[in-house]
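**Q** After the C-alpha cells below, expect a handful of questions from me.
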Amino acid sequence: MIILGIESSCDETAVAIVKDGKEILSSVVASQIDVHTEFGGVVPEVASRIHVENISICIEKALKEANMTMEQIDVTKGPGLIGCLHVGVQAAKTLAFAFHKPLIPVHHLAGHIYANSLVVDLKYPLLALVVSGGNSELVYMKDEHSFEILGETQDDAIGEAYDKVARVLDLGYPGGPKIDQLAKQGEPIYSLPQPKTEGKYDFSFSGLKSGVLQFVKRKEKAHETFKMEDLAASFQETALNEVFSRVERVLKDYPDIQHFVVGGGVSANSRLREKVEELRQKYPKIEFTVPPMYCCTDNACMIAVAGEIANKVGRRGSADLSGDSSWAIQ
Ligand code: KG4
C-alpha cells in the first residue's frame, strides 16, 4: 500500500509517501519556525496562511521524490489549530475526490504513537507517553488502534512549558531544544514548585512554569545572580521527574504492559532519553522505544503509518470531513 500522508496541525506543513507502513519513500517538512520565532510562539492565523502557501508545493515535492502515485490519502483531522487543520483536510479531500482514492482521517496523537512502528513492531498492551507542544498524555493501548487516556495535563503541555520558560530566559522559540542544551551544562540545584495534580496519572506544568518566572523576578529584585544553566537543569529535572513518576505508577498498576513508547517533540529531549534508559534497566521484561529524531517532531510519515492502521479498522473520511481542533483520540 502506497500512502500519502498530510500533517498541518500546527506550524509544520508536512507531506510524506510511505510504503507498507515501514518504508519512507519521501518526507517533506516545511517548517514555519523562522516566522514564528519573531513572535516568540506560533501565531495561529499566520500559521494557517503559510500552510495555504506551502501545501501544494509539499504535495508535489513528496510525489516527485517518491516517484510514485498514491493509493490512499491519510490526513490529520485533529487535534490542533483549526485553521491549520482545515488546510490539510481540504487538500486531502481534493486529492481523494480527484483521484478516487480512499481518505483516512488520522488523530495527531495516534500519529506520534505510531511513529515508533517505523522502527519497531509494536507489542500490546502498550503504554504511550505523548509529550509535545500541545499535548502531554499517557495512553494505554490494549490492542492495535484502541486508545485509553489514563492521564493528561491539567493545564499546559510539557513542550509549551519548555517554550514559556525559554521565553522567560530570553532563549527564543522553540525553547525545548535550547533548554535541553543549556541544562546539559548545569546542575538541578534550585528548588522549584513540585507540580500538584488530582488524578493519579495526570500532569500539571503551569505552576512549575510560573515558579521559574517568580524565581527570576526574586533574583532580579534582590540583585542576585543565578546560573541560567542551573535553572534550566532544575526546571527540566522537575518537569521530567513529574512525567516519569506518573509513568512508573502506570507500569506498576498495569503489569500486563509489554511495550512502552514515547512520541511528540519533547521525545527528542536528551535527558528524557536517559530516563527511558534508566526505566529499561529497571523493567527488563518491557520493551522500550523512543522514536528516532526524524520522527519526534511533527511530520507526515507518522500520519501515513497511523492511517494505514486506521484504515484496517475501518476508519474512512468522506466529502464532509472537517478538521476538529479538540478531537478526542479514538
Ligand atoms: O510534536 P511537536 O513538533 O508539535 C506538537 O505536536 O505540539 O512538538 C513541538 C514541541 C515544542 O514545544 C518544542 O519546544 C519541543 O517539542 N521540543 C523539545 C525538544 N525538541 C523539541 N522539548 C524538549 N527538548 C527537546 N530537545
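**Q** Please find, within region 44-82, the residue that is surrounded by the fewest Cβ atoms within 10 Å (Cβ to Cβ) out of those that are among the hydrophobic types (A, V, I, L, M, F, W, C) and at pLDDT below 95.
**A** For region 44-82, the residue satisfying everything is M68.
**Q** Select, from G172, G199, G151, the only residue that is over 13 Å from A239 (Cα atoms), in contact with a strand residue (DSSP E or B) (Cβ under 8 Å, 6 or more places away or on another chain), modelled with pLDDT under 95 and not charged (D, E, K, R).
**A** From the options G172, G199, G151, the qualifying one is G199.
The values are calculated or read from the model by the stated rules, or taken from the named source; none is laboratory data. No experiment lies behind these values; they were computed from the predicted model shown. All Cβ positions, even for glycine, are placed from backbone atoms using ideal geometry, and neighbour counts span all protein chains on display.
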